[in-house]
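The values are calculated or read from the model by the stated rules, or taken from the named source; none is laboratory data. The model shown is predicted, which means the values in this text are computed figures rather than measured ones. All Cβ positions, glycine included, derive from the backbone under ideal geometry; neighbour counts span all protein chains shown.
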Amino acid sequence: MLSALSIRNVVLIEKLDLDFQKGLCVFTGETGAGKSILLDSLSLVLGARADSSLVRHGCDSLSVVASFCVSLAHPVHKVLLEHGLKTEAEDDIILKRTVSKEGKSKAFINDQPVSATMLKSIGDALVEIHGQFASHHLLNPAVHLEVLDGYGHLTDVVANCRRAYRMWQYKKSLRDDAEQRLMQAKQEETFLRDSIADLRSLNPVEGEEEELIQKRTVLMNGEKIVAALNTVYQLLSDEGQGAMHHIEQALWQLDKANALSDNEFNDIFVSTEQAESALADAVANLERSMQNWSDISQLPQIDDRLFALKDVARKHHVSVSELTELLADFEQKLSALENGHDEIASLQKEEENARLTYIECAQKLSAERIKAAKKLDKAVSEELPALKLSKASFLTQIQEIPSHEWNEHGMDKVVFMVSTNTGTPFAPIHKVASGGELSRFMLALKVNLASSEQLDTLIFDEVDTGIGGATAAAVGQRLAKLSNDCQVLVVTHSPQVAAFGAHHYVVGKSEQKGAVVTQVRFISDDERLMEVARMLSGAEITESGKQMAQELLDKSCKKI
């Protein structure tokens, strides 16, 4: 709630410090005393447009500071934290606004500079003003749906609808992504098929490039290798008196020696025979190697293969070693393309199921809203006759929005409608009601919505315009009832309304040092009697006026 207001140099107000309490706070005073200045000051610190004409004559600037006592459970704290603004005390939020005579404005929240827009967002969360020329919140059709949901206590049903909508949108995004991938794959289909055919025809083998390069290096020295092998063959074979021929001669001589010496040299014979066998194997292997290396015609084939591998790798911007992996990737993409329609069909089914679940939740929410709307319409309509709106009607209009506008709040559009006279068509509340009627419509609504809304402070400016007697008393009674749920400040000219106040402030003018200034006084119970009597009698307070004032105060206490 608003706990304190400090005003400096605003038009006729030089210096003013006010403390406020819970309940119904009434402001009275003669016309022109400065009640509108008080409201202008409060509006300014709540984020209204800065106006240099409000700066008191002869002063360089004005300032307004408003202190609010707010629990940590209030949603305004979440907004403050989101903007990096921390409250130093559990229940203290201090708004400040300064305006220079040149029109330069500065805004602060808890002594931290903020934009005027930020100040207004916080101000709107703390205070709601209803007046002949200013009325917030409930006149905005964008909030009517939220207000109705709060009135009907539909938090859980709304949460279910929100979850169902978000799941539907999630499934839709999965299907959209799959279709996008399929579309891209289709655009690449020809490329994929041609590339796969080329790669399969080429049939790259992992590690093939290194093997071919090594073999090519060897083949480049083929002639020298063949010449060396021929020389070795001549030295080892039995042709041309080679090593094989000499070993055979040695074995013949050893055999002859063994015969003459009773096998005295048999071990040497066996060893030499083994050498002959090993040499024969070596010559055989040498002959095979010579046959392989006698033809170096494989070199052009190896060059062609290497060129083909590098050409395809360059075409796809990969290395030769990555060709096998590239083929597998292309084959996977083509497979996804061929199976893409099945995946999309499955995702479409999931999306449709999620959509149907959302529709079911949204329809249930709509049904609950219709029940809440009927209850609200009846409750508001019952308030209207006593507020001198007996020919007026109130209607909560619920319309289904087009399917492409469905959202997490459901499929409804809610607008508060009124008809001010019998037989006239209903129209949105902010378009048909006059200033005085509008304030009373708002009062009728607020009396029924107060317990479901989170605003702590409501201000009504001259809600009693154009009414008096029993109707004014009914307005006062409803303001008092409303103050059971929140703090209510009301500027009034009606003694019937003033009599219901729990706290009474009188706005007046006086002359100080040759200048007219506006002052606001908190008055006691005895002074209240005289103020209400003044409002009844006029400038001259009569005994009958005092008696009537006492009766009003007594009746208001009984009705509260």
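Residues considered: GLU400, GLU408. Of these, the only one that is closer than 29 Å to VAL76 by Cα and within 32 Å of the chain's Cα centre (by Cα) is GLU408. With respect to SER61, is the statement that it is surrounded by 19 or more Cβ atoms within 10 Å (Cβ to Cβ) and among the hydroxyl-bearing types (Ser, Thr, Tyr) true? So SER61 does not fit the description; no. Of the strands (runs of 3 or more DSSP E) entirely within the range 75-177, those holding at least 1 residues that are out of contact with any His (no Cβ under 6 Å at 6 or more places or on another chain) and either surrounded by fewer than 14 Cβ atoms within 10 Å (Cβ to Cβ) or modelled with pLDDT under 90 (or both) occupy 92-100, 112-114, 127-130.
Residue selection: ASN353 fails the criterion of being over 37 Å from the mean Cα position of the chain (by Cα) and assigned to a helix (DSSP H, G or I).
Of the candidates GLY58, GLY32, the single residue that is on the phi > 0 side of the Ramachandran plot and touching a residue at least 24 places away in the same chain (Cβ under 8 Å) is GLY32. From the list SER201, SER195, SER237, SER173, the one residue that fits, being touching a Phe, Trp or Tyr at 6+ places or on another chain (Cβ under 6 Å) and either under 30 Å from LYS333 (Cα atoms) or among the hydroxyl-bearing types (Ser, Thr, Tyr) (or both), is SER195. Checked against (1) hydrophobic (A, V, I, L, M, F, W, C); (2) modelled with pLDDT of 85 or more; (3) not in a helix (DSSP H, G or I), ILE296 passes all but condition (2).
When the residues of the range 510-545 are filtered to those that are modelled with pLDDT under 85 and touching a Leu at 6+ places or on another chain (Cβ under 7 Å), which remaining residue is surrounded by the most Cβ atoms within 10 Å (Cβ to Cβ)? Ranking the qualifying residues of the range 510-545, first place goes to GLY545. Filtered by the rule that a residue be under 23 Å from ILE94 (Cα atoms) and at pLDDT below 90, the range 23-42 gives LYS35, SER36, ILE37, LEU38, LEU39, ASP40. Selection within the range 369-383: residues that are crowded, with 17+ Cβ neighbours inside 10 Å and out of contact with any strand residue (DSSP E or B) (no Cβ under 7 Å at 6 or more places or on another chain). The member of this set that is nearest to ILE401 (Cα to Cα) is ALA372.
Note on the range 299-331: residues that are assigned to a helix (DSSP H, G or I) and either touching a His at 6+ places or on another chain (Cβ under 9 Å) or among the hydrophobic types (A, V, I, L, M, F, W, C) (or both) amount to 15.
Screening the range 1-72 for strands (runs of 3 or more DSSP E) wholly inside it with 3 or more residues that are in contact with a Lys or Arg (Cβ under 8 Å, 6 or more places away or on another chain) and hydrophobic (A, V, I, L, M, F, W, C) returns the ranges 61-69. The set of residues in the range 178-197 being surrounded by 13 or more Cβ atoms within 10 Å (Cβ to Cβ) and either of a type in the set (Ser, Thr, Tyr) or over 17 Å from LEU337 (Cβ atoms) (or both) consists of SER195 alone. Inside the range 507-553, residues that are under 16 Å from VAL497 (Cβ atoms) and either free of Cβ contacts under 8 Å to residues at least 12 places away in the same chain or within 57 Å of the chain's Cα centre (by Cα) (or both) make up a count of 14. Taken over the range 151-189, residues that are among the basic types (Lys, Arg) and farther than 30 Å from LEU376 by Cβ amount to 5.
Given the structure, is GLU343 at negative phi, modelled with pLDDT of 95 or more, in a helix (DSSP H, G or I) and not polar (S, T, N, Q)? Against the criterion (at negative phi, modelled with pLDDT of 95 or more, in a helix (DSSP H, G or I) and not polar (S, T, N, Q)), GLU343 does not qualify.
Under the condition of being assigned to a loop (DSSP other than H, G, I, E, B), over 30 Å from LEU327 (Cβ atoms) and not hydroxyl-bearing (Ser, Thr, Tyr), the residues counted in the range 200-250 number 7. Reported count of residues in the range 4-29, each being closer than 18 Å to ASP456 by Cβ and either of a type in the set (Asp, Glu) or without any contact (Cβ under 8 Å) to a residue 60 or more places away in the chain (or both), is 1. Considering (1) of a type in the set (D, E, K, R); (2) part of a loop (DSSP other than H, G, I, E, B); (3) over 26 Å from ILE7 (Cβ atoms), the lone condition that ASP464 does not fulfil carries the number (3).
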